[in-house]
Amino acid sequence: ARAFDYRDYYVSNSSSGFNDRFQRRQRFTSLGGFASYPLNRLYRIEGNLGYTQQRSARPFRTSIGSVQFDEFASDFLSSGVDLVGDSTRWQSFGPFQGHRLRIGPFYNFKVSGDDYYESYGGVQVDYRGYQHMTRRSLLALRLSGAKQTSDSGRIFAIGGINQLRGSEFRDFFGTNYMLANFEIRFPLLSAVILPWGGVIAPIRGFAFVDAGTTWFDDQI
């Protein structure tokens, strides 16, 4: 069995030039069950079925350019199937070889709620791969994304550290997103010995390239 409660909010500045800020949240609360079938030592199939409450405030832009919100609530029967894999090998500093994968479709069938919402489906992907170059340096790749068939779905937000570095935290949001990170991870210092006997170890560095985007289908 699985219980799930996800709550989030986002903040938007007004285009009027004043320091107006709006805070609204979305909430997904779900109760259901899942089953897992191993294909081999590294891969398995997971299926899930549950009941989900969805509550959210949806942003829209008025004719004068300001951002406003509409409140919506609906309940869904939720289902999904995922291919899950993990061949990662680890060192003391973290993963250094192999990959982790979760990919699969989902569908939420509306049973009650506001007319704004409708039944919707989609697919989600999360892949993380690691290729060691030396004993302590490696290449790391992350590919993550979600595509939903309707703006009724969950709002995703990306930006900030470990996602789109150089942008603000959760600077971009939409019901669909794509994200890619490529890193070269390498050692800087094996250890720093402090005067009073403490040790900080290890100290590592990385060079990276990030790319990503979010969107609502009605904005394309």
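The values are calculated or read from the model by the stated rules, or taken from the named source; none is laboratory data. All values derive from a computational prediction rather than experimental measurement. Ideal geometry is used to build each Cβ from the backbone, glycine not excepted, and the neighbour counts take in all protein chains shown. We work out accessible area using only protein heavy atoms, side chains counted, and drop any ligands, DNA or RNA first. Shrake-Rupley method; radii C 1.70, N 1.55, O 1.52, S 1.80 Å.
Placing +1 on the Cβ of every Lys and Arg and -1 on the Cβ of every Asp and Glu, with nothing else charged, gives segment 17-137 a dipole about its Cα centre of roughly 800 debye.
Across the protein chains, with a 1.4 Å probe defining accessible surface, the residues 92, 137 rank 92, 137 from largest area downward.
Here the Gaussian network model covers the chain, with springs between Cα atoms less than 10 Å apart; of 47, 33, 166, 166 fluctuates the most.
Placing unit charges on the Cβ atoms only, positive for Lys and Arg and negative for Asp and Glu, gives the chain a dipole magnitude near 1060 debye about its Cα centre.
Proximity of backbone amide H atoms, modeled 1.01 Å from N, is registered between residue 150 and 121 at under 5 Å, excluding neighbours fewer than 5 places apart on the same chain.
Remark: segment 105-114, residue by residue, has Karplus-estimated 3J(HN,Hα) of x, 9, 8, 10, 9, 6, 10, 6, x, 5 Hz, where x stands for each Gly or Pro and the curve is 6.51 cos²θ - 1.76 cosθ + 1.60 at θ = phi - 60°.
Projecting label points 7 angstrom from Cα along Cα→Cβ for residue 207 and residue 150 puts them 4.8 nm apart. Among 209-216, 154-161, sorting by the average number of other beta carbon atoms lying within 10 angstrom of each residue, highest first, gives 154-161, 209-216. Pairs of Cα atoms in the chain fall into 10 Å distance bins, from 0 up to the last occupied one, in shares of 7, 24, 29, 22, 13, 4, 0 percent.
In this Cβ point-charge picture (+1 for Lys and Arg, -1 for Asp and Glu), segment 80-140 has a dipole of about 680 debye about its Cα centre.
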